[in-house]
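*Asks:* Attaching a single structure in structure tokens format; questions to follow.
What follows is calculated from the coordinates using simple rules that are stated; it is not laboratory data. As the structure is a prediction and not an experimental result, all values here were calculated from the model. For neighbour counting, all protein chains shown are included, and Cβ atoms are generated from backbone atoms with ideal geometry for every residue, glycine included.
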Amino acid sequence: MLNRTRVKNAVAFALIGDRYHNSDYIRTALTKTLIKEEGLSIDFTDDVSLLSEETLKYYKMLIVFRDRAVWPNGYEIDENIISVPPLPKIEEKPEAWMKPSQGKAIKEFVEDGGSAFFFHNSSHISLSNDDFRDVEGAIYTGHPPIRPFKIKITNKSHPITRGVNDFIVTDEQHYVKYEKDLEYVFMISVNEDGLSFISSIGDQGTSCEAGWAYEYGKGRVCFMAPGHTIAALWNPEYKKLQKNAVKWLLRKI
């Protein structure tokens, strides 16, 4: 279980991992791309209690790569699992972990000049925290099964997309309700096989906003949707985007 790795004078604080997104693949993926190749120093943790105003004051960047849920009662056991004596029945009760004070801390951190890099399922957090939602700029609306889709660069003049071509990943195509100005969107996800995402809220179509970046107060924010698999995170074109985003967030480009 990853608790926290400490790096002297680390630039970024990364909160990663949840029930459906193991912290190890996230740490492994980001270590290769952002630490070894880009030179960013990162403190990783999966302990949600460490995200606070006090913690953030030591960093220039916040990375969030996890959803909103914790499971205090544990997870329901597959009924096909054999155990003697039998395991007790568990009632799954997910709870939203982010407290109002934590959302406020993120909002103030970015407003005061910090940067926030949000990945993949972090939009799930926006469903239960208004301050986080305002900073990130979208709320999660679901995803179809893992399948191939294209990431199409829609703003080729943005510093983050410089030198990046359209690419295809096999991943969860996350859908969101994007709530900021469309001028900030630099890429979309597109299912080129014409497969729509049908959910409880209806037909969400074949494409969705998948990456955006903007100034927020004195700071900067970037969101990128792919990330359920290490293969997607290590797509060469996606790695370029991640590296460019770090530079842009830290005002190096």
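*Asks:* Kindly write out, for the range 64-72 in residue order, the coupling ³J(HN,Hα) from the Karplus curve 6.51 cos²θ - 1.76 cosθ + 1.60 (θ = phi - 60°), rounded to whole Hz, with x marking Gly and Pro.
*Replies:* Whole-Hz 3J(HN,Hα) from phi for the range 64-72: 10, 9, 6, 9, 8, 9, 10, 10, x.
*Asks:* Considering the dipole of the range 12-249 built from charges on the beta carbon (Lys and Arg +1, Asp and Glu -1) around the Cα centre, which of Gly39, Tyr75, Thr229 is farthest to its positive end?
*Replies:* Gly39
*Asks:* Please tell me which of these pairs span more than 25 angstrom C-alpha to C-alpha: Lys57/Lys218; Lys107/Lys239; Lys156/Lys252; Lys99/Lys252?
*Replies:* From Lys57/Lys218; Lys107/Lys239; Lys156/Lys252; Lys99/Lys252, over 25 Å: Lys107/Lys239; Lys99/Lys252.
*Asks:* Would you pull out the residues with amide H under 5 Å of Gly113's amide H, same chain only if 5 or more places away, H placed 1.01 Å from N?
*Replies:* Answer set, sorted by chain and number: Lys218, Gly219.
*Asks:* I've got another one for you. Report the normalised scattering of the range 12-249 as log10 I(q)/I(0) at q = 0.07, 0.13, 0.15, 0.18 Å⁻¹, calculated by the Debye formula with identical scatterers on the alpha carbons.
*Replies:* -0.23, -0.78, -1.03, -1.46
*Asks:* For the range 74-135, run through the trypsin sites (Lys or Arg not before Pro) and keep only the ones in DSSP coil with at most 13 other Cβ atoms within 10 Å of their Cβ.
*Replies:* Lys89
*Asks:* How are the alpha carbon pair distances in the range 74-127 distributed across 5 Å bins from zero to the largest one, expressed in percent?
*Replies:* 4, 13, 16, 16, 11, 8, 10, 9, 7, 4, 2, 0
*Asks:* Could I ask something else about it? Which value in deg cm²/dmol, rounded to the nearest 500, describes the helix-derived mean residue ellipticity at 222 nm for the chain, given -39,500 (n - 2.57) per DSSP H run of n ≥ 4 and division by the residue count?
*Replies:* Calculated from helices alone, the mean residue ellipticity at 222 nm is -5000 deg cm²/dmol.
*Asks:* For the range 12-249, give the magnitude of the charge dipole about the Cα centre (Cβ charges: +1 Lys/Arg, -1 Asp/Glu; no others), in debye to the nearest 20.
*Replies:* That gives a dipole near 800 debye.
*Asks:* Under the definition of Cα pairs under 8 Å and six or more residues apart, what whole-number percent is the relative contact order of the range 172-216?
*Replies:* Relative contact order comes out at 45 percent.
*Asks:* Okay, next question. Do any trypsin sites (Lys or Arg not before Pro) in the range 197-253 lie in a loop, going by DSSP, with at most 14 other beta-carbon atoms within 10 Å of their beta carbon, and if so which? Please report the intermediate quantities before stating the final value.
*Replies:* Numbers: sites: Lys218, Arg220, Lys239, Lys240, Lys243, Lys247, Arg251, Lys252; in loops: Lys218, Arg251, Lys252.
Passing both the DSSP loop test and the Cβ count: Lys218, Arg251, Lys252.
*Asks:* Let me ask something else. Report the relative contact order of the chain, percent, no decimals, based on alpha-carbon pairs under 8 angstrom and at least 6 residues apart.
*Replies:* 19
*Asks:* Determine the dipole magnitude for the range 159-253: charges of +1 sit on the beta-carbon of Lys and Arg, -1 on that of Asp and Glu, nothing else is charged, the reference point is the Cα centre, and the result goes in debye to the nearest 20.
*Replies:* 840
*Asks:* Another question about this same structure. Between the range 71-98 and the range 1-61, what's the alpha-carbon centroid distance in Å?
*Replies:* 28
*Asks:* Same structure again: Could you sort 32-44, 71-83, 12-24 so that the peptide with the highest average Cβ count within 10 Å comes first and the rest follow in order?
*Replies:* Final packing ranking: 12-24, 32-44, 71-83.
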